[in-house]
Amino acid sequence: QPNAMGGREVGALANLLAAHLDLDNEQHRHLVADFWQAPQPLAAEVGVKACDAADAILDGRIKAIWIMATNPVVSLPEADKFRRALATCDLVIVSDCSVDSDTVKCADIVLPAQGWGEKSGTVTNSERRISRQRALMPALGQAKPDWWILSQVAKRMGLAGFDYQHPRDIFNEHIALTAYRNDASQDISASNQPRYLNLAKDLSPMVVGAIASIEESPNHLKRQNKNVFSSSHDAYDVMTPFQWGGARITPIKTRFIAITPPSHASIPNRHTQRLSLKSAHSKK
């Protein structure tokens, strides 16, 4: 399964930019483009969402699709429709750790991806807690991490800035983007308030001491992935789980309240369920 929460944090949704910035916010687009030194403006229109992908393939808007870390032929609503759509798509690429998933059977190209126990990096759970993920075993065969596969394809397409050597390089860059222009005096968002996601402020004390300055101009990156952590990388390797943004955004919510459920007169106290049988030949 994909690292869904972590994927959202780096913009893996049709309507999001990295660092939980909004695609439909022009100032956010400028911020990300400036940080990455993008040679041209970022896309301004929301992309096709997963549940709409089948229609986009069938009507010709999508000519090629790359599916990673999921099995939509089984998991999506109207899965049969998605399967039919893949059969008509000009190019279907699937990255998977299995050779016999339902989606792989629809692929023109299959790329061997690492499974959960082979991956190293970070994962974010549903309460925004980031943990180090350490591989349990060496990768089998030609299996590679998803970030490596994406970087290799980008390089072969002639794109610069994908020279990552280790997952910590990507994490370091992610931290830098979350902190870039992220205080009341620097933020260029409409509200001029610090953005909620700022990993530089949320890292555990053990790691904070090893962080180098990340408040510089993005020119210091120049897509060379300058480390945010100390050169020894010890801070990343021993990083303990931490929750970004504090305990909760809305303190008045998610409260547990003990109640006494009301009794129902129609249900006997001794049994909470009734079984009702009806003959197939009985009349209505």
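Each reported figure results from applying straightforward, stated rules to the coordinates on display, with no laboratory input. In this text, all values refer to a predicted model and were calculated from it rather than measured experimentally. Note that each Cβ is placed from the backbone with ideal geometry, even for glycine, and that neighbours are counted across all protein chains shown.
Points to keep in mind about this one:
- Annotation: amide H-H contacts under 5 Å for Gln114 (H modelled 1.01 Å from N, sequence separation of 5 or more, or interchain): Lys144, Asp146.
- Chain lengthening between Met68 and Asp234 when straightened (0.36 nm per residue, less Cα-Cα): 56.7 nm
- Summed side-chain charge close to Asp90 - residues other than Asp90 whose Cβ falls under 13 Å, Lys, Arg +1, Asp, Glu -1: +1
- Taking a Cβ cut-off of under 13 Å around Leu42, the surrounding Lys, Arg, Asp and Glu residues balance to a net charge of -4, with basic ones at +1 and acidic ones at -1.
- Sequence-ordered 3J(HN,Hα) estimates for segment 78-90 from the Karplus curve with 6.51, -1.76 and 1.60 and θ = phi - 60° stand at 6, 4, 5, 5, 5, 4, 5, 5, 4, 5, 9, 6, 4 Hz, glycine and proline given as x.
- Couplings 3J(HN,Hα) of segment 70-76, computed from phi: 7, 10, x, 5, 9, 8, 6 Hz, in residue order, whole Hz [Karplus 6.51 cos²θ - 1.76 cosθ + 1.60, θ = phi - 60°; x for Gly and Pro].
- Once the Cβ-Cβ distance of Trp147 and Asp59 is raised to the sixth power relative to R0 = 41 Å, the FRET efficiency obtained is 0.80.
- Residues of segment 166-184 with amide N under 14 Å of the 7 Å Cα→Cβ point at Ala135: 166-168
- Subtracting the Cα-Cα distance of Ala258 and Asn15 from 0.36 nm times their residue separation leaves 83.6 nm of extension gain.
- Residue exposure proxy: Glu9, Glu45, Glu78, Glu173, ordered by other Cβ atoms within 10 angstrom of their Cβ from fewest to most, comes out as Glu45, Glu78, Glu9, Glu173.
- Only Lys, Arg, Asp and Glu carry charge here, each on its Cβ (+1 for the first two, -1 for the last two); on that basis segment 26-87 has a dipole of about 240 debye about its Cα centre.
- Residues whose amide H falls under 5 Å from that of Ile62, counting only those 5 or more places apart or on a different chain, are Ile57, with hydrogens built in the peptide plane.
- Cα-projected label distance for Ala87 with His166, points at 7 Å along beta-carbon direction, nm: 4.8 nm
- Derived scalar couplings ³J(HN,Hα) [segment 36-42; Karplus, 6.51 cos²θ - 1.76 cosθ + 1.60; whole Hz; x for Gly, Pro]: 7, 6, 5, x, 8, x, 6
- Between Leu42 and Lys201, the contour length at 0.36 nm per residue exceeds the Cα-Cα span by 54.5 nm.
- 5 angstrom amide H check on Gln133, placed H, neighbours 5+ away: Gly121, Thr122, Val123
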